[in-house]
1. Would you be able to say whether some residue in the range B:226-237 is closer than 30 Å to residue B:390 by Cα, in a helix (DSSP H, G or I), in contact with a strand residue (DSSP E or B) (Cβ under 6 Å, 6 or more places away or on another chain) and away from chain A (no Cβ under 14 Å)?
2. Would you call residue A:70 more than 19 Å from residue B:269 (Cα to Cα), facing chain B (nearest Cβ under 7 Å) and exposed (fewer than 15 other Cβ atoms within 10 Å of the Cβ)?
3. Any residue in the range A:44-57 that is within 9 Å of chain B (Cβ to nearest Cβ), surrounded by 14 or more Cβ atoms within 10 Å (Cβ to Cβ) and touching a strand residue (DSSP E or B) at 6+ places or on another chain (Cβ under 9 Å)?
4. Kindly indicate the residue of the range A:73-105 that is closer than 17 Å to residue B:216 by Cβ and more than 7 Å from chain B (Cβ to nearest Cβ) and also farthest from the chain's Cα centre (by Cα) among those meeting that condition.
5. Which condition from (1) surrounded by fewer than 21 Cβ atoms within 10 Å (Cβ to Cβ); (2) touching a helix residue (DSSP H, G or I) at 6+ places or on another chain (Cβ under 8 Å) is the one that residue B:278 breaks?
6. Scanning the range B:61-75 for residues that are at pLDDT 95 or above and within 18 Å of the chain's Cα centre (by Cα), which turns out surrounded by the most Cβ atoms within 10 Å (Cβ to Cβ)?
7. For the range B:240-292, what are the residues that are part of a strand (DSSP E or B) and within 13 Å of chain A (Cβ to nearest Cβ)?
8. List the strands (runs of 3 or more DSSP E) inside the range B:24-141, counting only whole elements, that have at least 2 residues being farther than 20 Å from residue B:406 by Cα.
């Protein structure tokens with residue numbers, strides 16, 4: 001049976017391979033950028049409101065901070081209770097051009113010992129989890145210089 | 001547009017009237033396994049007895065809601081009124097996550113100051129589940145709180161871990177500094193009969209506890225608890241007629257929201273606001289919470305005798321020192337190391353024992369902070385008394401941008 005690939009949230013990211021990007025929106029009146037995307041009203045209180053246009057966010061940023069979860073998160077996070085819990089890194093990344101900090105999971109195998117505040121990382125496509133019919137896709141952060149030993 | 005922004009910054013100019021705290025009461029924190037209604041009603045009766053008032057003399061009841069109590073929790077004001085015995089009081093129910101209790105205090109205060117009520121009873125109580133807080137059920141991709149669990153598995157402690165690691169990188173804080181916050185708070189909590197954890201904890205015990213969200217360990221992170229707290233508030237005129245010559249007074253209640261762009265990653269958000277179109281305000285959101293309270297009360301951090309802050313994690317307590325202006329940016333750990341925030345120090349913080357000793361009973365917690373100020377300012381806090389306490393502040397932040405701080409004086 002073939003599995004369909006479905007983004008965990010529609011419209012937050014897209015593109016294949018090196019073209020993969022987080023997708024936000026930009027207000028055509030005040031140039032404010034939003035992620036997660038705003039599609040109806042600009043949230044800048046000094047802006048009368050312009051058209052909100054989809055915009056890809058910078059591919060690379062620097063680690064603002066990082067942590068992990070040593071215990072299995074509750075639902076609606078999907079895990080297999082039959083398998084032992086494997087912690088993953090959670091990384092908050094500052095994108096210089098957008099002046100925004102975006103949270104994401106680290107790529108599989110990356111641990112907090114591999115990370116440092118200020119390290120450069122890039123956004124890559126990843127798999128959140130799979131079930132019988134669907135591969136649920138997401139974004140992940142990966143160090144650009146390879147993982148420290 | 002700019003004039004409007006300035007007016008909003010002032011948050012209600014000239015608002016200097018005070019209300020009296022006639023009574024404070026609590027149900028001990030713990031994991032009792034009973035209904036939140038019982039905890040709230042017990043606290044309410046204790047506060048009424050402390051005030052020397054009968055429930056039927058109270059004209060208004062304000063309940064801080066709990067989302068964990070089912071429908072009765074969402075309408076907590078009426079639920080507590082029924083438990084105490086229907087007597088026709090005006091009812092209000094408020095929800096603002098961790099800041100619910102301060103919103104309830106503010107709603108009661110507004111009714112008293114506007115003349116809608118002479119006496120108001122404020123009650124909050126919770127019965128917390130074991131383990132992580134989790135969002136309401138269902139498939140709800142329009143709810144940021146649901147999304148952060150679904151997409152990232154980001155529990156509350158992971159946000160605390162991010163803040164703690166950031167402090168280590170920017171300010172040079174160490175995990176030993178964080179542990180010393182727990183050591184300090186547990187020493188004070190050991191003296192509080194309402195606290196859930198009444199055993200002193202050592203730095204070694206913190207270091208030996210399991211990592212929950214790196215770099216934070218189990219004893220760095222507050223538990224979830226059952227508990228209830230209540231206050232009886234009145235007009236100053238009613239307090240005088242009632243024979244309370246020198247009551248503790250609430251001088252300010254800050255209930256501010258952030259200014260766009262909010263550039264500190266806050267629960268439950270997946271990203272900050274972008275600062276590309278608008279420069280961030282000079283004060284961060286948390287700094288503005290205390291700032292608004294100071295401005296309304298006409299005091300500054302140098303006037304404080306004590307502070308009760310929301311130590312969801314040990315590292316977050318150090319952040320509050322800076323956001324309250326008790327020390328400069330990055331100097332929180334130094335203030336702790338000097339002993340300034342311990343009992344007997346220059347500015348004791350969390351003499352109640354804080355969330356470290358209580359665990360969080362969400363809608364009760366901000367009310368419990370004001371109970372502690374009340375007892376400290378009366379000089380009836382027993383072995384944990386801050387000598388000569390005259391001015392106290394509470395500080396707290398509720399999910400989704402609910403700031404809260406209360407200034408009380410005597």
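1. Checked the range B:226-237: at least one residue is closer than 30 Å to residue B:390 by Cα, in a helix (DSSP H, G or I), in contact with a strand residue (DSSP E or B) (Cβ under 6 Å, 6 or more places away or on another chain) and away from chain A (no Cβ under 14 Å).
2. The answer is no for residue A:70.
3. yes
4. A:87
5. Checking residue B:278 against (1) surrounded by fewer than 21 Cβ atoms within 10 Å (Cβ to Cβ); (2) touching a helix residue (DSSP H, G or I) at 6+ places or on another chain (Cβ under 8 Å), the one that fails is (2).
6. Checking each candidate, the answer is B:64.
7. B:271
8. B:90-94
The values are calculated or read from the model by the stated rules, or taken from the named source; none is laboratory data. Since this is a predicted model, take the numbers as computed values, not measurements. Cβ atoms come from the backbone with ideal geometry, glycine included; neighbour counts cover every protein chain shown.
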